[in-house]
Amino acid sequence: GELWPAAAALVSVLERRQWRRQLQASSRVVDLGAGTGVCGLAAAVLGARRVLCTDTAAVLPALTEIVRQNRSVLGRASVACDTLDWSEPLRPSVGGADVVLAS
C-alpha cells in the first residue's frame, strides 16, 4: 500500500494534545478508507480504545494483515477491520463512532 500525504498530515494532527485527549475520551473511532491503516493505528496508539478501520473488499486483506503485524504496539486498544462500500447502505457495525477519521 501507499501512504497518502493526507494520512501523514492527519496523523500529525492527531498527535496534538487536544486530539490525544479527544481520542482518549472516545469510545469508538472509525477510519473511513483506511488504506494502510496508519490513521486508525495512530489513533489506537494515541489512546483510542476501539478503532474500526474500513475500506473496500479489495483492500481489506492487506489492511487486516498490517493491523495484525502491529498488534504489539497497540496496548489494550482493539483495532478491527471491515469492508465499507460507499454504494451500499451503512451497516450498523460501522456506525456509532465518537470520532470519524478520513484522509
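The values are calculated or read from the model by the stated rules, or taken from the named source; none is laboratory data. Just so we're clear, the structure is a prediction, and the values are computed from it rather than from any experiment. Cβ coordinates were reconstructed from backbone atoms using ideal geometry, including for glycine residues, and neighbour counts include every protein chain displayed. Ligands, DNA and RNA are stripped out before the accessible areas are found, and what is left, the full protein with its side chains, is counted by its heavy atoms. Shrake-Rupley method; radii C 1.70, N 1.55, O 1.52, S 1.80 Å.
Beta bridges per DSSP, both residues in the chain: antiparallel share near 0 percent. Directionally averaged projected area (segment 14-62, Cα convex hull): 3.1 nm². Expressed as a fraction of 2.2 N^0.38 Å, the value expected for a compact globular protein of N residues, the C-alpha radius of gyration of segment 19-103 is 0.99. When the charge dipole of the chain is built from unit charges on Cβ atoms (+1 for Lys and Arg, -1 for Asp and Glu) and taken about the Cα centre, the candidate among 61, 93, 23 whose Cα reaches farthest toward its positive end is 23.
Per the 1.4 Å probe, what fraction of the accessible area of the chain, in percent, lies on carbon and sulfur atoms?
After summing per-atom areas, the C and S share lands at 55 percent.
Of the GluC sites (Glu not before Pro) in the chain, the ones in a loop by DSSP (not H, G, I, E or B) with at most 10 other beta carbons within 10 Å are 2. The equivalent ellipsoid of segment 42-83 has semi-axes of 19, 11, 6 Å, largest first, where each one is the square root of 5 times an eigenvalue of the Cα gyration tensor. Taking every protein chain into account, the accessible area of the chain amounts to 59 square angstrom per residue (probe 1.4 Å).
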